[in-house]
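Quick notes on the structure that follows.
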Amino acid sequence: MGNDCQKRAGGFLLGLILWLTLAGTAAADREKTFDLFAFRKAAEAPQTWKACNGSPAVAYEPASPSGVRFPGLFGANTDRVYWDRAVSLDLRGYDLLELDLTCTRPDAIQTFALYLKSGDGWYLWFAPLKESSRQKLFFPITDAAVEGKPAGWDAISAVRISLTREARGAWSVERKGGTEQAASVMAHGLKARACDLVIVQGTLSMANAGERTYARSRTKRISRWLQDFGLGHSVVDDEAVVAGRLKSARLAILPYNSLPPDKELRALESFVKRGGKLMVFYSAEPKLAELMGLKLGRYQTAKVAGQWSSFAFNKHASPLVPKVVYQDSSNILPAYPANDDARIIATWQNSAGKDLADPAWVQSPHGLWMSHVLLDSDAVNKQRMLLALLGAYVPSFWEQSAARVMARTGKVGPFINLNDAVTGITRMARGTSAEESVSALLAQCGQDYKIMSAALAKRKYAEVVETGQHLQTKLVEAFARVQRPENPEFRGVWDHTGLGLYPGNWPKTARILADAGMHAVFVNVLWAGLAHYDSQVVPQSETVSRYGDQLKQCVAAAHANRLEVHVWKICWNLSNAPESFLAAMRKAGRLQVTDTGKELKWLCPSHPDNVALELKAVSEVLNRYPVDGIHLDYVRYPNANACFCTGCRRRFGRRLGEKIPDWPKSAQSGNLRGKYNAWRSEQITAFVRAVQTQARKSGVPTSTALRHSASRRRERVRISAAVYPEYPGCINSIGQDWGRWLKEDLVDFVCPMDYTTDNDAFKDLVRRQLALPSAGGRVFPGLGVTAMESQLTPDQVIEQIRQTREAGAGGFVLFDLNRTLEHDVLPALRMGLTRP
C-alpha cells in the first residue's frame, strides 16, 4: 500500500511539474509595508493615533499578533468614532491597499472606513466587517471615493480609521460570562501593492450599456472570489489597458470582453510578447484567440436543456483543479488549439454527466481560454479552480491563500474558529445518536489541522489549502449531523429552469427532493409571454416540443412523491417572450415606458387587457392542472422609473378626476409623486386580489400530496408571492405592498428574497418581516443558496434555516434547484435539519 501511495504521489508531482512548465510563472507583487501599528512603548499609540470628536483612545497590544486596537465604544448620542494619524506617503504606482486586521463583534459595527488625507481633501473607502476572526480588507486605488479636493496620491498626509455603529440596534458592549466584550478592530499592518494580477472590466469591448453592465457583474464576481481567498489584484477597464496599464502586470483576466478594439488588441499583443499571460472568458474576437495561439470556433446555442451542464478537467490540467465544476450554460463560443503547444484541458458535460467534445478550457503558452463566462453557481469549486489555474502563474498566490485558509479554519455556522466549533458541536452532539460519528469527524479535523500547521512551517502552501478544504468538509458534516428536524415546517425549492434537475426526467428530480425532506417545488413554467406547458393563452416554449408538457409531468411526479407543486408565475415580464408576441404587445401600446420615454419589455399593470391576459393564464392553470399553489413573482414594477406610458397618464388622471400637467415629472418627482406611487401600488394590489378571487372561485381542490403540516388535506389552492425583503421601502420603489397583502388575506404566504451571506443581516430581516401584522406563520424566507446576490455554503444554509426557526417563521424556500443544491446542500440538510 505504501508503494501504491508513493506512485500516486509521484504521478501527482510529475503532473504538477509538467503543468508549471507549460504555464510558466510570474514574479510576486511589488509591495510596500507601512509601519503604522507598531510601537516600542504602549503609551506612544494614543499619542500618535489621535482620538477625534470625543472618541475613546486606542491601545497598543504587543502580544502576537501585535497591533493597535480601535475600540467601538459608541456613546448614547454617538454613532461614529474615528482616529487620525499624521503620515507622509507616496502611493503613486500602486494598485491597492491591503489592511490586516482582527475584528471583535462585527455585528455591532455597521461600517469600517479608511480615509487618506491629501491636500484639501480625502480619498476614502467603506467596507462591511463580516468576520470576527483575523482578516484582510482590500481597497483598490481606483475604487476610492473622494471628498473635497485631494492633491494627489503622492501627497498623503494623514490616515483616518473610522467605525460606525450598527444601525440594526446591536449594542457596542455585550456581556459574556460575567465580563464585558466590546466591539473593536485591531489593525496589524497596512501594505500598498502594485499587483501582477489585473482584472479587465469590459467597457470599450462591449456593444451596449446592457452588455457593459453584465461585464461589470462578471468582473465583480471573479474579484470577490479572489478576495475571498486573499488574492491581491487590481481592477481596471479597457481604457486603462489601451493607456498601458498592463505594462507592470504579469497576468490579466478578461471576464467578459467580447470585441476588444484594435487599439486594445495591440496593447494585449504587446503584453503577451513581454511574457504576460491572459485568462480569457467568452470573447468573440478571432484576433485575440490568434495572438494566444488559438483559433476561434463558431458560436453555439444549446439544442436541448442541460446540454452544457458542467465541465471536467483532463490529465493536461493542473492536478490541483477540481475534477468537475458545475455550470449550466445555454451557449458557448469555444476556442481550439492552433499549434501543438496548445491543448484542451477541460471539456463540457451534459446534465447526465456524459463527456462531450466541446472545449470548456484551452491552454496555450500565452494563457487560458474558457468558452463561456463564469456563472455564479458552484462557487466553492470555481474558487478552487481559479486558485489552481492562477497559482501556476503566480506561485505566491498559494502562500496568500494558505494564510487566508489558516485564519478561517474552523469557521462554520455560528462558530468563529476551530476550537469554538469543536466545543460547540461536541456539546450539540452530546446524548444524540450522532455523538459517536460526530466525535470521529471532529478528531479527524484535529489531525488535519496538525497537518496544515506542519505544512505551513515547511512552506508547502498548496498542501495547507488542500488539507484545509478537507478539514472544512468534515467540519460541515459534523455540524450538519447535530441538527434536528422540525415538524410541521414548510420546505420549498424554487426551480428556475422549470425543467427539474434532469430535463425529461421529473420522477428523478421529485425523488431527490422528497428524499432530502423537501415538501414543495415552485416550478417556473409560466411567464407573461411564454409557457412550458400546453397553453392556449400564451405562446408555448420549445421545451414543450422537445420534452412535453412540463407542468403535467411535474405534477404527476411530485404528487407521486408526496410533494406540493406551486406554479411559479412570472408577472408582466416579457424578457423571454417570442418576438412576434412582443411586437403585438408593442403595437397595441401595452408595454411599460420609463420616465425618459424608453420602452421596456414589461406589460403595463394598469392596462386592462394586460390584467385580463395574466388572469386568463392563471385561470387556465387552475382549471386544467391539480396544482397546490400559484406563486406570483415579478408582481411589481421594475423600478421607480416605470411605468409612465400615456395609458398610465390617462388612467391616473381619471382616478384623480383631473388632467395631469407636466407629465411625467409631476408624477415621478413633483407634487403628485406621493399620489402616483400610491396609485402604482394599488394596480399591483388589485391584481393580487383578482388572482386570489379567481383561485377561490375556481373551486379546484388540491391534490392528495402530503402537506408540510402532515395533518390534513387543504381544500383550496394557495396563493403566495416572492417579494422584496425591505418592507415598506418596496411600496414606493416598485409598488409592492406585500404587508398589506398579508393583512387583507390576499395571499396565504409570502417568500421574501432574503438573499445575503451576512447571517446577522439575514436574522434581522426575518425578525422585522415576522413582526408585521398578520405575518405569523405566513412568512417563509427565501435563502439565496445560488442567487446572484449570494452564494451560500452548506453550513451557511443550515445556519440561516436555524435562524428562521428561532424567529418562528415556520418554513423556508431555497433558491435554486441546480447541481450545487443537489450535490452539496440537500445532502447536508438531510443529515439533520430535514432528516426524515
Practice problem: Please compute the net charge surrounding ALA317, taking Lys and Arg as +1 and Asp and Glu as -1 over other residues with Cβ under 12 Å from its Cβ. | Solution: +3
Quiz item: What net charge is computed for the residues neighbouring ARG274, neighbours being all others with C-beta under 11 Å from the C-beta of ARG274, Lys and Arg scored +1, Asp and Glu -1?
Solution: +3
Quiz item: Could you give the distance between the Cα centres of the range 641-702 and the range 588-639, to the whole Å?
Solution: 13 Å
Exercise. Please get the size of the charge dipole for the chain, origin at its Cα centre, with Cβ charges of +1 on Lys and Arg and -1 on Asp and Glu, quoted in debye to the nearest 20.
Key: 940 debye
Quiz item: ASP35 versus VAL146, label points 7 Å from Cα toward the beta carbon: distance in nm?
Solution: 3.4 nm
Quiz prompt | Computed Rg/Rh of the range 185-307, alpha carbon atoms with Kirkwood Rh | solution = 1.03
Quiz item: What ranking of ARG649, ARG430 comes out by heavy-atom accessible area, probe 1.4 Å, highest first?
Solution: ARG430, ARG649
Quiz item: For ASP90, ASP84, ASP238, what's the largest-to-smallest order of accessible area, 1.4 Å probe?
Solution: ASP90, ASP84, ASP238
Self-check item: Calculated [θ] (222 nm, deg cm²/dmol) that DSSP helices of n ≥ 4 give over the chain, each run adding -39,500 (n - 2.57)
Solution: -10500 deg cm²/dmol
Practice problem: Calculate the translational D of the range 357-502 in whole µm² s⁻¹ from Stokes-Einstein, where the hydrodynamic radius comes from the Kirkwood formula applied to all Cα pairs, the temperature is 10 °C and the viscosity 1.306 mPa s. | Solution: 88 µm²/s
Quiz item: log₁₀ I(q)/I(0) of the range 474-563 at q = 0.16, 0.17, 0.18, 0.20 Å⁻¹, via Debye over equal Cα point scatterers, no solvent, to two decimals?
Solution: -0.68, -0.74, -0.80, -0.91
Exercise. Could you give me the radius of gyration and the Dmax of the range 27-150, taking only the C-alpha atoms into account and expressing both in angstrom?
Key: 15.2, 51
Quiz item: Any idea what log10 I(q)/I(0) is at q = 0.17, 0.28 Å⁻¹ for the range 418-496, Debye with uniform C-alpha scatterers and no solvent?
Solution: -0.72, -1.22
Practice problem: Specify which residue in the list PRO827, LEU137, GLY657 is farthest towards the positive end of the charge dipole of the chain, using unit charges on the beta carbon of Lys, Arg (+1) and Asp, Glu (-1), about the Cα centre. | Solution: GLY657
Quiz item: Roughly how many Å is it from the Cα centre of the range 320-354 to that of the range 496-518, as a whole number?
Solution: 26 Å
Quiz item: When N counts the residues of the range 612-690, how does its alpha-carbon radius of gyration compare numerically with 2.2 N^0.38 Å, as a ratio?
Solution: 1.36
Quiz item: Sequence-distant or interchain residues sharing an amide H contact under 5 Å with ASN573, placed H: which?
Solution: ALA528, LEU603
Quiz item: Hey, how many Å between the Cα centroid of the range 188-258 and the Cα centroid of the range 760-794?
Solution: 32 Å
Exercise. Mind sorting out which of (1) 98, 43, 22; (2) 43, 33, 32; (3) 70, 46, 24 is the real semi-axes √(5λ) of the Cα gyration tensor in Å computed from the coordinates?
Key: (2)
Quiz prompt | Surface per residue (accessible, 1.4 Å probe) for the chain, Å² | solution = 41 Å²
Quiz item: How far apart, in nm, are the 7 Å Cα→Cβ label points at ASN314 and LYS220?
Solution: 3.7 nm
Quiz item: Which semi-axes, in whole Å and largest first, does the equivalent ellipsoid of the range 709-836 have when worked out from the alpha carbon gyration tensor as the square roots of 5 times its eigenvalues?
Solution: 24, 19, 13
Quiz prompt | Rule-of-thumb Rg ratio for the range 214-283 [Cα; 2.2 N^0.38 Å; N residues] | solution = 1.08
Quiz item: When the chain is fully extended, how far beyond the present Cα-Cα distance does ARG427 get from ALA443, taking 0.36 nm per residue of separation?
Solution: 4.3 nm
Exercise. For the chain, give the percent of accessible area contributed by carbon and sulfur heavy atoms, probe 1.4 Å, rounded to a whole number.
Key: 51 percent
Quiz item: What net charge do the residues around ALA667 carry, taking every other residue with its C-beta under 11 Å from that of ALA667, with Lys and Arg at +1 and Asp and Glu at -1?
Solution: +3
Quiz prompt | Once the Cα gyration tensor of the range 509-620 is diagonalised, semi-axes √(5λ) in Å | solution = 31, 14, 12
Quiz item: How far apart, in nm, are the 7 Å Cα→Cβ label points at ARG654 and PHE581?
Solution: 2.7 nm
Exercise. Can you tell me the order of 523-536, 266-279 when each peptide is scored by its average per-residue count of other Cβ atoms within 10 angstrom, highest first?
Key: 523-536, 266-279
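The values are calculated or read from the model by the stated rules, or taken from the named source; none is laboratory data. This structure is a prediction, so every number in the text was calculated from the model and none was measured. As a convention, Cβ positions derive from the backbone with ideal geometry for all residues, glycine included, and neighbour counts pool all protein chains shown. Each accessible area value is taken on the protein alone, full model and side chains, heavy atoms only, with ligands, DNA and RNA left out. Shrake-Rupley method; radii C 1.70, N 1.55, O 1.52, S 1.80 Å.
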